[in-house]
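Below you'll find the structure, written out as structure tokens, and then a few comments.
The values are calculated or read from the model by the stated rules, or taken from the named source; none is laboratory data. It should be emphasised that the depicted structure is a prediction, and the values quoted were computed from it without experimental measurement. Counting neighbours? That spans all protein chains shown, and the Cβs are built from the backbone with ideal geometry, glycine included.
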Amino acid sequence: MIKCNLAVLMAERGLKIADIASGTGMSRTTISSLVNHNAKGIQYDTFNTLCEFLKVSPGELFIYEPFKFSFEVKEVEERENDFLFKLEADITYKKQVLQEVMLASVVMDEKDELCYVGIEVNYSEEMTQLIAPIPRMFHKDMEEEIKEAIMEKLAQTYSFAEDIVVTLK
């Protein structure tokens, strides 16, 4: 998995998106998509411009971690005050492979449609140790995939409010 480290480099230098835009001639939209990890790719000239402006190497602008993951909801148990989701997790980091069932407690605010979903995931000790050295920016992608798997399963039964709030602890 590859991530852009632009946000960290900007913070270290006290730079804002506007500073980079004015210093490089790049659009604020392009810079923002890199900072927020929304970019699907980058042009070589953009890559070169950022490296020159920030005086960094390509390896400092982009970080690679050999990290892959997938989650699939296998079972949902309705309890008195919440739901217990059992997710099959497949995680690979630096040739270590971990396959286990994760538990996630899901609390919902249900009226006519869901307005709030709170998800609390319980990581095993083995998983906690495996993912601990991975930079935080990579954890966010993993957490988003957990949320998506749970929300996809909930969508089969419930309708969501337009402004639904989903939190993950």
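Residues of region 19-43 that are under 25 Å from the mean Cα position of the chain (by Cα) and not polar (S, T, N, Q): 20, 28, 31, 34, 35, 37, 39, 40, 41, 42. Within the set 80, 144, 100, the sole residue that is in contact with a strand residue (DSSP E or B) (Cβ under 8 Å, 6 or more places away or on another chain) and of a type in the set (Asp, Glu) turns out to be 100. Note on region 51-104: residues that are farther than 23 Å from residue 125 by Cβ and of a type in the set (Ser, Thr, Tyr) total 2. Within region 103-133, the set of residues being modelled with pLDDT of 85 or more and touching a Phe, Trp or Tyr at 6+ places or on another chain (Cβ under 6 Å) comprises 104, 106, 130. Within region 102-124, the set of residues being aliphatic (A, V, I, L, M) and within 20 Å of the chain's Cα centre (by Cα) comprises 102, 103, 104, 106, 117, 119, 121. On the given criteria, is residue 76 farther than 27 Å from residue 42 by Cα, more than 19 Å from the chain's Cα centre (by Cα), surrounded by fewer than 16 Cβ atoms within 10 Å (Cβ to Cβ) and of a type in the set (Val, Ile, Thr)? Answer is no for this residue.
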